[in-house]
Amino acid sequence: MTMVRISLAQLCERLGRDLRPHDGARVARRDLTGVHISELDDPTPYLGGGELLLTTGIPLSGGADRTGRYVQRLLDKGVAALGLGLGAGIDEVPDELDAVCREAGLALLIVPDGIPFMHVSRAYWDLVGRAEQADLTASLSRQTSLARAATRPEAVASVVKALAEALGGWAVYVPADGTAETIWPPAEARVLPQLREETARLGLAGTHASATFPLQGTDVVEYSIVADEKTAGFLAVGAGRPLRAADRQLMLTGCMLLSVTAGQQWGLRRANAILGGTVASLILHGYVDAARLAAEELGLPVPAERVRLLAVRGDQVELLGDAELADRVAALGPAGRALRRSIRRSGLQSVLDGLTWLILDEAQGEANGEARGEANGETDGELHGEPAPLPLAGPGGTTVATTAATTGALSVALSGPLLLGQVAGSITEVGRACRRAASGQLVSADGLLDQQADGWVDALRSYTRADLVETVRCYLRHRGQWEPTARELGVHRNSLRHRIGIASRLVEADLDDPDVAANLWLALRG
């Protein structure tokens, strides 16, 4: 980082005739680090380089050789210029000093008789103060612009643009969740591929950290953006000029504003998740009209008419947001990846009977070729009623099957297309498929009970001690009422109860379950 510096030309312009070049030539715009006064033969131990050194000429007495060695020491130290004060022992510039300075390229200036060196020093520090004040004012203006940018609707894009323009270069915000970067100016998008690689290599996630690295000829500074003790993203800046301390402070302010913005966005998402959970819960319990009304009143999108129902089982899965859950489901394989965007955009998530439920927009899935994996060239075969374990890379690159011991793996079931009013009636079917799925599996619950119903009929027919097929058909036709069923079959109610109990054990299902009853009734009629 660079500090405010004043050039020799600025100082001469400020002092006018009180500090002028000996030869009358134009003064170079060389930066000064300070003004130092010394009468030592060797003042270099007290110099840092870049100063205007003022002397009354005491070290210059003793001839050309001594003068030459003196000037050489100043050059070796990097002194910017030599100022000779006249009237305190020397009334004019010695010829040998003039010659040595010309030959060495050291600027030689004159402080006229009667002008105290402190006048020169004060002028220098006055210029520094003015420059710092101007720099501070400009910095405050940039800070204010940055703060205003954070209050705009597109806060992240506004902050990134304000930073890039203030630093005369480019700025990029890289979200940690893998979504699209925000860059200004857009013409600098060519840096994004390398920037992604460098960000991944540095591994700044999870820490308040920064790093610098070269990128396409530009020195880049990158900061991690942390909110709520989680990494929200990364801010990378390629400035178009050397950075000052005020510039670094400006970037830190940008980081703070992006952190606050991320925290606000997460808070808004959490609030929307709670509201969306309320709407989802109403749908899951069959109150579709109430769900639509609640969505309108809460300012949420009205649920689509055609949807899919997703059930998820796993450790603490109910604590995951839509984005995190989408990534976890995507990790299950191609079919899971095809659902990523639909899950992210769902907004309808609720917990019921130990499972996490999401209601996905079927139209959105079809538009993006997602719900069945068409986006990745997959067919319906990616989802099976009886799925095989998903292959994962094992040690040494060997392919192994996912097991229940896989850390953090989920069990997921996805329904076929449903009308919103059919969601509540599909919970049993989808929930059963999810509970039966092994850890690390994504299964289809589409028509699963229809396939099982044929097996149920075969099981009933296999029983030879009574006509269970007709008994169950009659029981379902009378909607589970004992008296009319027993009367039609001509048996005692206790005998009927005994037969229904046997039938339930054979099919391993509750005949009073609406979904089981509906599928079995259709199979028996067929």
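Throughout, read-outs are computed from the coordinates displayed, never taken from laboratory work. No experiment lies behind these values; they were computed from the predicted model shown. Cβ: placed from backbone, ideal geometry, glycine included. Neighbour counts: every protein chain shown.
Some values worked out for this structure:
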read-out	value
Modelled label reach - residue 92, point 7 Å along Cα→Cβ, segment 15-44 residues with backbone N closer than 19 Å	20-25
Extension reserve of the residue 287-residue 25 stretch, reckoned as 0.36 nm per residue once the Cα distance is removed	85.3 nm
Three-way shape label, segment 6-126, alpha-carbon gyration tensor, a/c 1.5	rounded
R0 of 60 Å, Cβ-Cβ distance residue 465-residue 209: FRET efficiency to nearest 0.05	0.20
Normalised convex hull volume, segment 151-266, alpha-carbon set, Å³ per residue	98
Estimated 222 nm signal from helices in the chain, with DSSP H stretches of n ≥ 4 weighted -39500 (n - 2.57), rounded to 500	-14500 deg cm²/dmol
Two-site label geometry, residue 102 and residue 245: point separation in nm, points 7 Å out along Cα→Cβ	4.2
Linear extension gain, residue 324 paired with residue 180, 0.36 nm per residue minus alpha-carbon span	50.2 nm
Charge dipole (debye, nearest 20) of the chain; +1 at Cβ of Lys and Arg, -1 at Cβ of Asp and Glu	1120
Cβ-based exposure ranking for 218, 55, in which fewest neighbours within 10 Å come first	218, 55
P(r) weight above 21 Å for segment 430-526, C-alpha pairs, percent	35
Length-normalised contact order of the chain in % [C-alpha pairs under 8 Å, at least 6 apart]	9
Alpha-carbon Rg/Rh ratio, for segment 199-339, with Rh computed the Kirkwood way	1.11
From the C-alpha gyration tensor of the chain, square roots of 5λ in Å	86, 22, 15
Pairwise centroid distance, computed over Cα atoms, of segment 456-512 with segment 183-249, Å	71
Where labels lie 7 Å past Cα in the beta-carbon direction, separation of residue 353 and residue 306 in nm	2.6
Gain in span if fully extended, residue 200 to residue 147, counting 0.36 nm per residue against the direct Cα distance	16.2 nm
Axial C-alpha extent at least 27 Å, average Kyte-Doolittle at least -0.5 - helices from the chain (DSSP)	117-150, 245-284
DSSP-defined antiparallel bridges as percent of all bridges, the chain, nearest 5	70
